[in-house]
Amino acid sequence: MSEHIMQRPIGVFDSGVGGLTVLKALREQLPNEDFLYLGDTARLPYGTKSAQSVTRYAQQAAGLLVERHVKLLVTACNTASAIALPSLQELFHPLPIIGVIDPGADAACKASVGGSIAIIATESTVRQGAYSQAIARIRSDASVVSIACPLFVALAEEGWVAGHLVEGIVAHYLDPLFKSSRTQPIDCLVLGCTHFPVLTESIRKVVGLHITLVDSAHTTAAAVTHELETRKLLRTMPTHPGHVRFYATDGAERFARVGQTFLGEPIVESEVEIVDL
Ligand code: DGL
């Protein structure tokens with residue numbers, strides 16, 4: 001592998017700022033890597049759109065990062081991963097492209113003792129059934145229930161992540177998980193949407209301590225690290241601190257303001273470049 005390719009950045013894209021939870025995990029695991037992050041804020045949410053639209057949006061977002069010579073691409077958006085990953089891998093072959101569904105499914109299969117797994121995600125991710133299919137491939141004995149929680153995205157974007165009102169909404173959506181007709185109680189809940197990790201505290205209060213919460217951000221970062229190691233694409237300047245360039249398709253101020261909750265560190269508005277896809 002040429003030295004030149006190793007020094008290239010890793011591309012990460014999402015429908016908006018939610019994928020910054022994945023970028024945060026990537027930065028923790030790969031502190032010396034450079035990243036380009038694109039949030040398609042002009043067209044958020046993807047989670048309520050048709051498969052055709054999500055595929056087109058994902059191809060355009062990925063295309064922008066490919067033009068900027070990334071060495072690996074991460075589809076941080078669960079909806080885009082569920083719907084468009086195979087088409088991206090075909091279109092941009094041989095660039096390695098990693099989505100968040102398989103790493104999340106893998107982590108859930110490892111975490112669940114009884115094999116009774118719940119997925120919470122956007123409407124489009126649930127409709128696509130990608131998590132259920134990925135889990136069935138790894139663990140045929142697993143039983144999976146999926147629930148769409150569309151309001152969680154808006155709550156997270158508004159910074160409403162805790163308190164009675166939020167817990168009430170979480171309880172309303174998650175109620176079907178606790179129906180007594182279930183033979184094996186749910187023991188693992190996958191946060192199958194970029195926005196949901198910021199609601200962890202409220203979700204935990206509602207589901208109790210006996211259910212393992214799986215956040216695909218960390219498992220995706222581990223999958224990316226493994227892929228870079230296998231392909232010998234890790235940056236070879238270990239003392240170089242990694243740098244992030246931010247791109248958004250709309251609203252630099254909102255991207256910076258809302259995004260810092262997800263990234264866990266400040267984002268400077270003037271460093272968010274607005275791009276057209
Ligand atoms: N990024 C989306 C996901 O992870 C959530 C927000 C949206 O609907 O675009 O599914």
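If you roll a 1.4 Å probe over segment 88-239 with all protein chains in place, what percent of the accessible area is carbon or sulfur? Intermediate values should be presented prior to the final figure.
Details: 4160 of 7220 Å².
Whole-percent figure for carbon plus sulfur exposure: 58.
Among DSSP beta bridges whose residues both lie in the chain, state the antiparallel percentage, nearest 5. Present the calculation step by step, with values, prior to reporting the outcome.
Numbers: 0 of 34 bridges.
Restricted to the chain, the bridges split so that about 0 percent are antiparallel.
Given Cβ point charges of +1 (Lys, Arg) and -1 (Asp, Glu) and nothing else, what value in debye, to the nearest 20, does the dipole of the chain about its Cα centre take? Please report the intermediate quantities before stating the final value.
Details: 22 positive and 28 negative charges, 118 e Å.
Magnitude of the dipole: close to 560 debye.
Can you give the charge dipole size of segment 177-233 about its Cα centre, rounded to the nearest 20 debye, using +1 on the beta carbon of Lys and Arg and -1 on the beta carbon of Asp and Glu? Present the calculation step by step, with values, prior to reporting the outcome.
Numbers: 6 positive and 5 negative charges, 34 e Å.
For this selection, approximately 160 debye.
What's the angle, to the nearest 10 degrees (0 to 90), between helix 252-263's Cα axis and the longest principal axis of the chain?
60
So, in Å, what gap is there between the alpha-carbon centers of segment 149-203 and segment 238-277?
What the calculation gives is 27 Å, centre to centre.
Is there a quick way to get the dipole size of segment 44-182? I mean about its Cα centre, with the Cβ of Lys and Arg at +1 and of Asp and Glu at -1; what is the value in debye to the nearest 20?
With Lys and Arg at +1 and Asp and Glu at -1, about 280 debye.
Label point 7 Å out from GLU273 along Cα-to-Cβ: which residues of segment 48-70 have amide N under 18 Å?
60-70
Put +1 on the Cβ of every Lys and Arg and -1 on every Asp and Glu Cβ in segment 194-277; which of PRO197, HIS240, HIS226 then has its Cα farthest towards the positive end of the dipole?
My answer, from the dipole projection, is HIS226.
Taking LYS71 as the anchor, which lysines have their alpha carbon closer than 30 Å to its alpha carbon, excluding any fewer than eight residues away along the same chain?
Hits, sequence-local ones excluded: LYS24, LYS49, LYS110, LYS232.
For segment 125-229, what Kirkwood radius comes out of the mean inverse Cα-Cα distance, in Å?
Numbers: mean 1/r = 0.0663 Å⁻¹.
After inverting the pairwise mean of 1/r, the radius is 15.1 Å.
For segment 230-270, which trypsin sites (Lys or Arg not before Pro) pass both filters: DSSP loop (anything but H, G, I, E, B) and at most 12 other C-beta atoms within 10 Å?
Numbers: sites: ARG231, LYS232, ARG235, ARG245, ARG254, ARG257; in loops: ARG231, LYS232, ARG235.
Filter output for segment 230-270: LYS232.
Relative to the longest principal axis of the C-alpha atoms of the chain, give the angle of the C-alpha long axis of helix 78-91, reported between 0 and 90° and rounded to the nearest 10°.
So the inclination is approximately 40 degrees.
So for the chain, considering every pair of alpha-carbon atoms, how many percent are separated by more than 26 Å? Working shown, then result.
Details: 14957 of 38226 pairs.
The calculated P(r) of the chain puts 39 percent of pairs beyond 26 Å.
Which of the listed residues, SER81, HIS93, CYS149, is farthest toward the dipole's positive end in segment 43-164, when Lys, Arg count +1 and Asp, Glu count -1 at the beta-carbon?
Of SER81, HIS93, CYS149, it is HIS93.
So what is the calculated 222 nm ellipticity per residue for the chain, using -39500 (n - 2.57) for each DSSP H run with n of 4 or more, over all residues, to the nearest 500 deg cm²/dmol? Spell out each step's value before the answer.
Numbers: 12 runs with 125 residues, N = 277.
The helix contribution divided over the chain gives -13500 deg cm²/dmol.
Determine the per residue accessible area of the chain with all protein chains present and a 1.4 angstrom probe, expressed in square angstrom. Write out the running numbers ahead of the final one.
Values: 12090 Å² over 277 residues.
Ligands and nucleic acids excluded, the result is 44 Å² per residue.
State the percent of C-alpha pairs, over all pairs in segment 12-106, separated by a distance greater than 20 angstrom. Walk me through the numbers before you get to the answer.
Details: 1278 of 4465 pairs.
Tail of P(r) above 20 Å: 29 percent of Cα pairs.
Evaluate the distance, in nm, between pseudo-label points positioned 7 Å from the Cα of GLN184 and of GLU201 along their respective Cα→Cβ axes.
So the label points at GLN184 and GLU201 sit 3.4 nm apart.
The values are calculated or read from the model by the stated rules, or taken from the named source; none is laboratory data. Remember, predicted model here, so these are calculated numbers, not experimental data. Ideal geometry is used to build each Cβ from the backbone, glycine not excepted, and the neighbour counts take in all protein chains shown. Quick note on the areas: whole protein, heavy atoms, side chains included, nothing else; ligands and nucleic acids left out. Shrake-Rupley method; radii C 1.70, N 1.55, O 1.52, S 1.80 Å.
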